[in-house]
Amino acid sequence: MRTRGPLRPATVAKNLTALVVAVVFVFPVYWMFSSSLKPQSEILTKDPVFFFTPTFENYTTATGVDLFWSYVTNSLIVTLGAVLLALLVALAASFAIARMKFKGRKGIVLIVMMAQMAPWEVMVIAMYMIARDNDMLNSIPLLTAIYFVMVLPFTIWTLRGFIAAVPVELEEAAQIDGCTRGQAFRKVIFPLLAPGLMSTSLFGFITAWNEFAMVLVLNKDKTNQTLTLWLTQFQTAFGNDWGATMAASTLFALPVLVVFIFLQRKAVGGMTAGAVKG
């Protein structure tokens, strides 16, 4: 039976560093969640309160806001709609960029990179004027289209890398066996793109779910607003209701956490390792 030797100082230092970094990143999440369960009298105190009797009063206040379920529905519609549209368009675009040789391909890749780096906030005024002139303000379809355009460049760029990583010999072998190029993509390449589809879906979901500036400017009608504006409503004559704000923040982060847990279990890397021998 093999016994482990003493840990080396370098290993201990790395483990301690990793532990400290994990605590630094996890503690704000813990504090947000714990504050959402604290009574109001124990949130703003001189000394931090770590032991308390939990209460769900803050969650009741947060979900009791008018049109709460309308905010939830709108957020789900625009987020899922934008992500699904981006995946459909990006699959075709990234396949063309990764596999086909045509004039202007490098220019298209450069445009995609520039679109990804562009700060969308600087375009808010222009988008507002276009939407106003075309009578499209307070529109869920418009918001979905804008979020779709926002997540599309990253989706194309990421899927391009995953498609390029799939050995072209697999596609050629499928075509030799009688598949058309479309059938080869659908039956061979597409099943191998699970890691790419999952990672890009997660990024797109987080981007669209967290977007604040666009909906703030373009959707003044509360019935067409999303959960990001719901987070700004917990103010009273005595200041911010931090208990309700922390409860709302916890609920707002929960769908992203669920999507992350679901997708990361599905995304398995290295599916093509060893598929083609050199």
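The values are calculated or read from the model by the stated rules, or taken from the named source; none is laboratory data. All of these numbers come straight from a predicted model, not from anything done at the bench. Every residue, glycine among them, receives a Cβ derived from its backbone with ideal geometry; neighbour counts consider all protein chains shown. Just the protein is used for accessible areas: all its heavy atoms, side chains included, with ligands, DNA and RNA removed. Shrake-Rupley method; radii C 1.70, N 1.55, O 1.52, S 1.80 Å.
Observations
- Subset of the stretch 95-120 [in contact with a helix residue (DSSP H, G or I) (Cβ under 6 Å, 6 or more places away or on another chain) and in contact (Cβ under 8 Å) with a residue 60 or more places away in the chain]: 95, 97, 98, 120
Quick grid of which residues meet (1) under 18 Å from residue 240 (Cα atoms); (2) modelled with pLDDT of 90 or more; (3) surrounded by fewer than 16 Cβ atoms within 10 Å (Cβ to Cβ); (4) not basic (Lys, Arg):
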{"position": "28", "(1), (2), (3), (4)": "no, no, yes, yes"}
{"position": "37", "(1), (2), (3), (4)": "yes, no, no, yes"}
{"position": "41", "(1), (2), (3), (4)": "yes, no, yes, yes"}
{"position": "64", "(1), (2), (3), (4)": "yes, no, yes, yes"}
{"position": "68", "(1), (2), (3), (4)": "no, yes, no, yes"}
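- Flag for residue 63 being within 17 Å of residue 239 (Cα to Cα) and either in contact (Cβ under 8 Å) with a residue 60 or more places away in the chain or over 29 Å from the mean Cα position of the chain (by Cα) (or both): no
- Residues in the stretch 213-262 that are assigned to a helix (DSSP H, G or I) and over 27 Å from residue 203 (Cα atoms): 242, 243, 244.
- Pairs with Cβ under 7 Å, 6+ apart, first in the stretch 218-237 and farther than 18 Å from residue 61 by Cα, second acidic (Asp, Glu) and open to solvent by less than 10 Å² (accessible area, probe 1.4 Å): none
- Among the residues listed as 228, 250, 245, the single one being closer than 23 Å to residue 151 by Cβ and buried (at least 18 other Cβ atoms within 10 Å of the Cβ): 228
- The criterion of being within 17 Å of the chain's Cα centre (by Cα) and outside any loop (DSSP other than H, G, I, E, B) holds for residue 203.
- Residue 109 vs. criteria under 23 Å from residue 196 (Cα atoms), β-branched (Val, Ile, Thr) and over 19 Å from the mean Cα position of the chain (by Cα): yes
- Residues that are closer than 18 Å to residue 226 by Cβ and touching a residue at least 12 places away in the same chain (Cβ under 8 Å) within the stretch 254-264 comprise 255, 256, 259, listed in sequence order.
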